[in-house]
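Below are the structure tokens for one structure; questions will follow.
The values are calculated or read from the model by the stated rules, or taken from the named source; none is laboratory data. Predicted model only: the values in this text are computed from it and were never measured. Note: areas computed on protein heavy atoms with side chains; ligands, DNA, RNA excluded. Shrake-Rupley method; radii C 1.70, N 1.55, O 1.52, S 1.80 Å.
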Amino acid sequence: KFRGHLFYADGEDDDSSRSSRHKKYQMKEQLLSALNDNRLVLFYQPILDLNTNTISHCECLVRLLDNEGQFIAPAKFLGIASESGLLPKLDYSVIEKAMRQQYLWEESGITTGLSINITAPTLEQADFKERIEELIHLTGANPHRLIFEIVETDAISNLHVTHDLLNHFKDIGAKIAFDDFGIGFTSFEYVRDLPVDYIKIDQSFIRFIHEREQDQVLVKSMVEMSHSLGKKVIVEGVENKAALKIVKDMGVEYVQGYYVCRPMPISALDLSLHLRH
Ligand code: C2E
Ligand code: MG
Ligand code: MG
Ligand code: MG
């Protein structure tokens with residue numbers, strides 16, 4: 001009886017889990033074919049420099065173009081990419097696209113940088129450094145205009161490897177951001193010891209900051225800590241003017257969020273965007 005219950009709880013044999021396995025299988029097939037037929041598309045979300053009121057960077061956010069011409073959000077396929085060992089393939093594909101775009105901008109005198117998400121399995125590939133150098137060579141990108149975003153928990157799972165790789169990024173002139181900061185197993189030791197340039201405070205602290213005093217307290221202390229350690233702060237999830245004002249008053253350097261601009265396909269992107277006061 002007990003075993004039967006466990007069996008059910010594992011979801012091995014009921015219809016809903018069979019159909020969810022089937023959905024997963026379909027998503028994996030779709031992701032594989034998208035990787036092969038170049039149907040991963042980058043959207044770009046501006047990051048506003050509050051000191052200059054200009055777009056200093058754009059974050060590259062991947063979308064999967066499905067058979068019906070719809071864009072699928074990364075939340076729908078990153079888990080499957082991870083389970084299937086496809087994250088490095090996906091990350092390299094995104095890095096290459098981003099670098100090609102940066103090269104085009106550089107060629108037309110546009111100094112806006114690009115911020116690229118990378119995951120732990122990619123960082124941990126033995127030839128990661130070589131692949132990055134190859135891609136820079138292949139695309140002609142200027143690494144000085146690139147930020148690599150690493151999720152704090154990913155980085156921390158392998159501190160030694162991470163330290164070495166992050167230093168390599170420094171050597172080629174790229175910058176590093178800790179993404180989704182504050183929701184992982186944050187230890188100040190990591191922030192102190194890893195050569196990170198930017199702390200990107202997770203949007204869960206920002207979206208309701210104008211109505212939650214506790215979020216204000218937490219963000220203020222994250223900002224102060226980052227600044228004391230010589231790191232700049234990017235906040236994501238700024239959805240309205242009230243939230244913008246609060247983080248601006250705290251001395252945050254960069255903001256990203258729907259209030260500034262949603263992620264856009266390249267054709268719709270306006271790099272001359274700024275905020276009116
Ligand atoms: P992230 O790196 O933290 O990216 C920010 C996410 O917040 C994006 O979701 C963006 O669309 C969303 N966002 C931006 N501003 C706002 C706002 O004001 N309000 C709200 N509610 N959301 C906002 P998206 O594009 O769905 O990406 C989700 C996550 O998927 C990303 O989180 C990142 O972890 C991952 N991801 C996206 N693109 C890539 C990629 O090319 N490679 C890898 N490895 N991961 C990626
Ligand atoms: Mg990110
Ligand atoms: Mg983030
Ligand atoms: Mg996130």
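Shape of the range 24-181 from its Cα gyration tensor (a ≥ b ≥ c, root eigenvalues): rounded if a/c is under 1.5, otherwise prolate when a/b > b/c, or oblate? Write down the numbers at each step before the final one.
Details: a/c = 1.58, a/b = 1.20, b/c = 1.31.
Judged from the Cα gyration tensor, the range 24-181 comes out oblate (a/c at least 1.5, b/c at or above a/b).
Same structure again: What accessible area, in Å² to the nearest ten, does a 1.4 Å probe give for SER93?
Its accessible surface works out to 30 Å², give or take rounding.
Roughly how many Å² of THR112 are accessible to a 1.4 Å probe, to the nearest 10?
The accessible area of THR112 comes to roughly 10 Å².
Same structure again: Out of all DSSP beta bridges in the chain, what portion is antiparallel? Express it as a percent rounded to 5.
Values: 16 of 39 bridges.
Bridges in the chain that DSSP calls antiparallel: roughly 40 percent.
Using heavy-atom solvent-accessible surface (probe 1.4 Å) with all chains present, what is the largest-first order of SER267, SER226?
Details: SER267 110, SER226 0 Å².
Result of the area sort, largest leading: SER267, SER226.
Here is a further query. Report, in deg cm²/dmol and to the nearest 500, the calculated mean residue ellipticity at 222 nm for the chain, where each DSSP H run with n ≥ 4 adds -39500 (n - 2.57) and the sum is divided by the residue count.
Details: 11 runs with 123 residues, N = 277.
Roughly -13500 deg cm²/dmol at 222 nm, from the helical runs in the chain.
If you average the alpha carbon positions of the range 16-73 and of the range 211-277, how far apart do those two centres end up, in angstrom?
Taking the Cα centre of each part, the range 16-73 and the range 211-277 sit 23 Å apart.
With every protein chain kept in place and ligands, DNA and RNA left out, what is the accessible area per residue of the chain? Probe 1.4 Å, answer in Å². Present the calculation step by step, with values, prior to reporting the outcome.
Values: 14400 Å² over 277 residues.
Each residue of the chain exposes 52 Å² on average to a 1.4 Å probe.
Turning to a different aspect of this structure: Mind ranking TYR254, TYR25 by accessible surface for me, highest first, 1.4 Å probe?
Correct descending sequence by accessible area is TYR25, TYR254.
Could you rank LYS76, LYS89 by how accessible they are, 1.4 Å probe, largest area first? Don't jump to the answer; show the numbers that get you there.
Details: LYS76 135, LYS89 95 Å².
Largest accessible area first, the residues go LYS76, LYS89.
Separate question: Students often get this wrong, so check it: of LYS23/LYS129; LYS97/LYS232; LYS170/LYS200; LYS23/LYS200; LYS129/LYS232, which have C-alpha atoms separated by over 28 Å? Please list the in-between numbers first.
Numbers: LYS23/LYS129 35 Å; LYS97/LYS232 26 Å; LYS170/LYS200 18 Å; LYS23/LYS200 33 Å; LYS129/LYS232 25 Å.
From the list (LYS23/LYS129; LYS97/LYS232; LYS170/LYS200; LYS23/LYS200; LYS129/LYS232), the Cα-Cα distance tops 28 Å for LYS23/LYS129; LYS23/LYS200.
In the full protein assembly as shown, how much of LEU42 is accessible to a 1.4 Å probe, in Å² to the nearest 10?
Solvent-accessible area, nearest 10 Å²: 10 Å².
Here's a follow-up. Quantify, in whole percent, the carbon and sulfur part of the accessible surface of the chain (1.4 Å probe; protein heavy atoms only).
The value for the chain is 51 percent carbon and sulfur by accessible area.
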